[in-house]
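**Q** Here's a structure for you.
Values in this text are rule-based calculations from the coordinates and carry no lab data. Just so you know, these numbers come straight off a predicted model, no measurement behind them. Cβ placement follows ideal geometry from the backbone for every residue including glycine, while neighbour counts extend to all protein chains displayed.
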Amino acid sequence: MDSRGSDEQRRRIPRGERPRGDFRSPPSSRDRGKAGEPGEFARDSQGRPIVDRFGRPVRNRPRPGGVPGSTPRPSATGSGGGSGGTPPRRRPPRRREAAQPTRFEAPQAEPQRPRQYIPTHQPPHQQPPQPSQQPLHQQQATPPRRRPPRKRRGLRLPRSGCLTPFIGILVVILVLVGATTLWADSKLTRVEATPENQVSNTAGTNWLLVGSDSRAGLSEEETLELGTGGDIGVGRTDTIMLLHIPTTGSARLVSLPRDSYVEIPGYGMNKINAAFTFGGPQLLAETVELSTGLRVDHYAEIGMGGLARIVDSIGGIEMCVDEAIQDPLANLDIQAGCQEFDGAAALGYVRTRATALGDLDRVERQREFFAALLDKVTSAGTIANPFRLIPLVSDTASTFTVGDNDHVWHLARVALAMRSGVGTETVPFAGFADYDVGNVVLWDPAGAEALWSSMR
């Protein structure tokens, strides 16, 4: 057997029995094949085997009609076998494998495996490796993530911020003001003051303000201190004023002398304060409407004791007197000049007639006093001082008598109208006369009509 036969036999050793060597060693005759022919594994120009990404050697592309990487060769003795020679051992048929890509082609994707390839180093610009895809029946179902139930949030004040304390204080003040307003409104005394036959509606808002001679609620000590005398009921009124609040402009306060000679519905001509004696607030309001042609929208009445308490609750008021007045009947003894009046002095000042013009001077003093009183009541020193404001609200509510449809916020509207400025005047009069009802004041027909026309 020649050397060629020996090489052929060595080359035909089954693959499973052939020892694996280093592919970087010099290629054997099986790897190289004949001169100029490729071997079973692909190699580069330096003779080194080409491996794929998994480190396995790449096989050459199979040729038609032969085993990959080899060509059929005749035996040394011919096609029928030479005499004296051993027929070549036929190599068992190999399982046909899929063609492996060459180094010039991208390797084909292998079947999906459950394992996952994770590189040891991943550049920051690359996307993270995708997890291995498994069949749906092998994947573990992930339960859906449930959101926590949302809590209902109500109206809340800001948790932080420089305005939070002020907002809380403002809310407390509004609540206290609302509660105090309702409480004061419930303490007002209400009477029927709307005339049965009212005149047509006129411009602006008209208030009928009345100061009665009532001594109701006064003790014996207070009666002596105030000089009011015994209780004579509510049959007379010393103060009658008409407050006109226009839609635009300043308010006007007009005094109606209590001895004004006017017509009282159902009773004929008489003093205007007799209407209060005959029919109370309702008949008095009807008499004023008939005499002036103005519609009375609201009614407010205060007694002697209530007026004195209001002055004391605000700490007194300052009045400037032109002349000294001494009147034992009104328990009044004052000097000329500006001075502070307490409740007793203020009440005597608005009641006295111990001056030259008697009742006409008194109505002038009543308007001055009323304007000064409202100015003190609406001042910041009174509103911002709870020790004055609370007694003021309590005394005012408990001593005021209003109409059925009047409330404490209507009285506040009067105070604001007077606070912004008010013009005071007395109805024009022509003189005095003595009739069967006594000494009366006669209005000037032309002057009075001009006054009422300017307010309608």
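**Q** Give me the distance in nm between label points sitting 7 Å out from Cα along the Cα-to-Cβ direction at Glu449 and Arg61, one decimal.
**A** With each label point 7 Å from Cα toward Cβ, the separation is 13.0 nm.
**Q** Return the distance in nm (one decimal) between the two label points of a simple spin-label model at Ser200 and Arg146, each offset 7 Å from Cα along Cα→Cβ.
**A** Between Ser200 and Arg146, the simple spin-label model gives 7.6 nm.
**Q** Another question, if that's okay. How high is the FRET efficiency from Ala430 to Arg353, r the C-beta distance, R0 25 Å, rounded to 0.05? Don't jump to the answer; show the numbers that get you there.
**A** On the way: r = 20 Å, r/R0 = 0.81.
Computed FRET efficiency for Ala430 and Arg353 comes out at 0.80.
**Q** Gap in Å between the Cα centre of segment 290-367 and the Cα centre of segment 378-456?
**A** 12
**Q** Okay, next question. Write down the Kirkwood hydrodynamic radius of segment 232-341, to one decimal in angstroms, obtained as one divided by the mean of 1/r over all alpha carbon pairs. Mind showing how you got there, number by number?
**A** Values: mean 1/r = 0.0606 Å⁻¹.
Across segment 232-341, the inverse of the average 1/r is 16.5 Å.
**Q** Let me ask something else. Antiparallel as a % of all DSSP beta bridges within segment 191-455, to the nearest 5? Can you show the working numbers first?
**A** Details: 33 of 45 bridges.
Here the share of antiparallel DSSP bridges comes out near 75 percent.
**Q** By what distance, in whole Å, do the Cα atoms of segment 191-455 stretch along each of the three principal axes, largest value first?
**A** 45, 39, 32
**Q** When you have a sec, figure out the Kirkwood radius of segment 289-345 from all distinct Cα pair distances and drop it here in Å to one decimal?
**A** Working: mean 1/r = 0.0721 Å⁻¹.
After inverting the pairwise mean of 1/r, the radius is 13.9 Å.
**Q** I need Phe54, Phe276, Phe370 ordered by Cβ neighbour count within 10 Å, fewest first. Kindly include the intermediate steps, with their values, before the conclusion.
**A** On the way: Phe54 8, Phe276 26, Phe370 22.
Ordered by Cβ neighbours within 10 Å, fewest first: Phe54, Phe370, Phe276.
**Q** Neighbouring Cβ atoms within 10 Å as the yardstick, rank Met455, Met418 fewest first. Please list the in-between numbers first.
**A** On the way: Met455 17, Met418 21.
Ordered from fewest to most neighbouring Cβ atoms within 10 Å, Met455, Met418 come out as Met455, Met418.
**Q** Sticking with this structure for a sec: Please grab the % of Cα pairs in segment 357-456 that end up more than 22 Å from each other. Can you show the working numbers first?
**A** Details: 2530 of 4950 pairs.
The proportion of pairs with Cα distances above 22 Å equals 51 percent.
**Q** Describe numerically, in nm with one decimal, the distance between label points set 7 Å from Cα along Cα→Cβ at Val437 and at Thr189.
**A** 2.5
**Q** Distances over 15 Å make up what percent of all Cα-Cα pairs in segment 393-447?
**A** Numbers: 1022 of 1485 pairs.
Beyond 15 Å sits 69 percent of the P(r) for segment 393-447.
**Q** Rounded to the nearest 0.05, what FRET efficiency do Ser420 and Met269 give with R0 = 45 Å and r taken as the Cβ-Cβ distance? Could you check? Write down the numbers at each step before the final one.
**A** Numbers: r = 38 Å, r/R0 = 0.85.
The pair Ser420/Met269 has a calculated efficiency of 0.75.
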